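Chemist: The following block contains the structure, expressed as structure tokens.
The values are calculated or read from the model by the stated rules, or taken from the named source; none is laboratory data. All values reported here derive from a predicted model rather than from experimental measurement. Cβ atoms come from the backbone with ideal geometry, glycine included; neighbour counts cover every protein chain shown. When the accessible area is computed, the model is the full protein with side chains, heavy atoms only, and any ligands, DNA or RNA have been set aside. Shrake-Rupley method; radii C 1.70, N 1.55, O 1.52, S 1.80 Å.
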Amino acid sequence: MAKRTCLVTGGAGFIGSHLVTRLLADGHAVRVVDNLASGRLQNLAHLGNPPPAGLTFHKLDIANLPELTPLMQGVDWVFHLAGLADIVPSIQLPAAYHHANVDGTFSVLEAARAGGVKRLVYAASSSCYGIPTVTPTPETEPARPQYPYALTKFVGEQYVMHWAQVYKLPALSLRLFNVYGPRSRTTGAYGAVFGVFLAQKLANKPYTVVGDGKQTRDFTFVTDVADAFVKAAESEVVGQYMNVGSGNTYSINRLVELLGGPVTYVPKRPGEPDCTFADTGKIKSLLGWQPRVNLEKGVAEMLKHIELWRDAPVWDPASIGEATKDWFKYLKA
Ligand code: UDP
């Protein structure tokens, strides 16, 4: 396989760091661009110190177009994963989300265009579907973002598609469903369920199950997601967005059963779907990608790495009530 020069925005983040690891293992050279707002150099520490010869790190805000543009020189593949995640902070700080996810994406597209890159793959979010009317959800389902995070990631995707259409930028977008795996974020805002539950397990505290726990999520393991990015870069498909999911949907009660331990309950949140479940027919037929890690295998892997969550905040119903106040305030019907 030809060796490529890759640029990964958000390469020090959770998913980005797995993609960087995979690209280096495939023998490619990688430039990481990350402003370390939520990414951490620690996420790349397993690659060794000093870092491998093929890896360079550039601390930079992706919206800084003058400084980003020269970094695109000689790049074959761009993977654009930098961005701000999480629901509540996006409601509280929409300007920061617009800057990172919309202005940032615009800048990455313009820099990539100036650099004449061969492929660009964008990390989009399944949150664009809001509360889907069809499950498994195909890409033909209309977008109905429910909060600024979902909106800004979706607008970013629209920019990517538009640059493919107008400027013939060879770009694709992957709509990621509930990605989990080692190095998922352990600090900051109340967020993805795996980090919440693993920190509770380590502290011998009950899992804070939302609602009755019968809601289901398409939990997708991060190495499968990294593989989807690689397949997207290797393909010649352009101007398409595709779902990336596990091929299944699992209830929170099932997750609790696999993790083991007592539960407590917190109220169901407005704007939350009862089921997320990707129809993965499109990516299977266009890219030949398929997921390999089911929830049982994925949870076993998480438990092997549970010490990574040792310093993560331990949430309880009271602190969750406080942290999600604005969620209820703004999103209730
Ligand atoms: N969830 C839960 N307890 C928590 C946090 C989340 O039961 O403390 C549930 C939540 O209701 C949802 C699933 O876990 O069904 C995934 O939540 P997450 O916030 O990770 O992702 P999203 O809701 O955006 O799919």
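Chemist: Pairs under 7 Å by beta carbon, first residue over 19 Å from Glu296 (Cβ atoms) and assigned to a helix (DSSP H, G or I) in segment 185-206, partner open to solvent by 60 Å² or more (accessible area, probe 1.4 Å) and of a type in the set (A, V, I, L, M), six or more apart or different chains?
Modeler: So the pair list comes out as Ala199/Val314; Gln200/Val314.
Chemist: Output the residues belonging to segment 163-188 that are open to solvent by less than 40 Å² (accessible area, probe 1.4 Å) and within 12 Å of Ala312 (Cβ to Cβ).
Modeler: If the condition is that a residue be open to solvent by less than 40 Å² (accessible area, probe 1.4 Å) and within 12 Å of Ala312 (Cβ to Cβ), then Ser184, Thr186 are the ones that fit.
Chemist: Give the residue, chosen from Gly213, Gly191, that is farther than 22 Å from Glu139 by Cβ, near the ligand (Cβ under 8 Å from one of its atoms), open to solvent by 10 Å² or more (accessible area, probe 1.4 Å) and of a type outside the set (Phe, Trp, Tyr).
Modeler: Result: Gly191 is the single residue among Gly213, Gly191 that is farther than 22 Å from Glu139 by Cβ, near the ligand (Cβ under 8 Å from one of its atoms), open to solvent by 10 Å² or more (accessible area, probe 1.4 Å) and of a type outside the set (Phe, Trp, Tyr).
Chemist: If you don't mind, there's one more thing I want to ask. Restricting attention to segment 155-188, which residues are within 10 Å of the ligand (Cβ to nearest atom) and farther than 19 Å from Glu307 by Cβ?
Modeler: Within segment 155-188, Phe177, Asn178, Val179 meet the criteria.
Chemist: Filter segment 120-149 down to the residues that are in a helix (DSSP H, G or I) and open to solvent by 30 Å² or more (accessible area, probe 1.4 Å), then identify the one that is nearest to the ligand (Cβ to nearest atom).
Modeler: Tyr149
Chemist: Tell me, yes or no, whether segment 229-244 has at least one residue that is over 23 Å from Gln158 (Cβ atoms), of a type in the set (Ser, Thr, Tyr) and either within 16 Å of the ligand (Cβ to nearest atom) or not in a loop (DSSP other than H, G, I, E, B) (or both).
Modeler: no
Chemist: Now for a different question. Just one of the numbered conditions (1) closer than 24 Å to Leu331 by Cβ; (2) at pLDDT 95 or above is not true of Ser285; which one?
Modeler: For Ser285, the failing item is (1).
Chemist: Can we say Thr249 is among the β-branched types (Val, Ile, Thr), surrounded by 21 or more Cβ atoms within 10 Å (Cβ to Cβ) and farther than 18 Å from Ala124 by Cα? So that I can check it myself, show each step before the final result.
Modeler: Numbers: among the β-branched types (Val, Ile, Thr): yes; surrounded by 21 or more Cβ atoms within 10 Å (Cβ to Cβ): yes; farther than 18 Å from Ala124 by Cα: yes.
When the stated conditions are applied, Thr249 passes them.
Chemist: Which of the residues spanning segment 148-176 are farther than 13 Å from Asn243 by Cβ and under 16 Å from the mean Cα position of the chain (by Cα)?
Modeler: Within segment 148-176, Pro148, Tyr149, Ala150, Leu151, Thr152, Lys153, Phe154, Val155, Gly156 meet the criteria.
Chemist: Quickly run through segment 262-274 and pick out the residues that are open to solvent by less than 30 Å² (accessible area, probe 1.4 Å) and more than 9 Å from the ligand (Cβ to nearest atom). Spell out the reasoning first.
Modeler: Applying the first criterion (open to solvent by less than 30 Å² (accessible area, probe 1.4 Å)) to segment 262-274 yields 266, 270-273.
The answer is Pro270, Gly271.
Chemist: Against the condition more than 30 Å from Gln165 (Cβ to Cβ) and either at pLDDT below 95 or out of contact with any His (no Cβ under 9 Å at 6 or more places or on another chain) (or both), how does Phe221 come out, does it pass?
Modeler: Here the answer is yes, as Phe221 does meet what is asked.
Chemist: Now, a different point. Name the residue that is surrounded by the fewest Cβ atoms within 10 Å (Cβ to Cβ), counting only residues in segment 19-62 that are in contact (Cβ under 8 Å) with a residue 60 or more places away in the chain and of a type in the set (D, E, K, R).
Modeler: Only one residue fits best here, namely Asp26.
Chemist: Could you check Arg310 against (1) of a type in the set (D, E, K, R); (2) out of contact with any Gly (no Cβ under 9 Å at 6 or more places or on another chain); (3) open to solvent by 40 Å² or more (accessible area, probe 1.4 Å); (4) closer than 14 Å to Val193 by Cα and say which number it fails?
Modeler: (4)
Chemist: For the structure I just gave you, tell me whether Leu286 is more than 16 Å from the ligand (Cβ to nearest atom) and without any contact (Cβ under 8 Å) to a residue 60 or more places away in the chain.
Modeler: Spelling it out, Leu286 is indeed more than 16 Å from the ligand (Cβ to nearest atom) and without any contact (Cβ under 8 Å) to a residue 60 or more places away in the chain.
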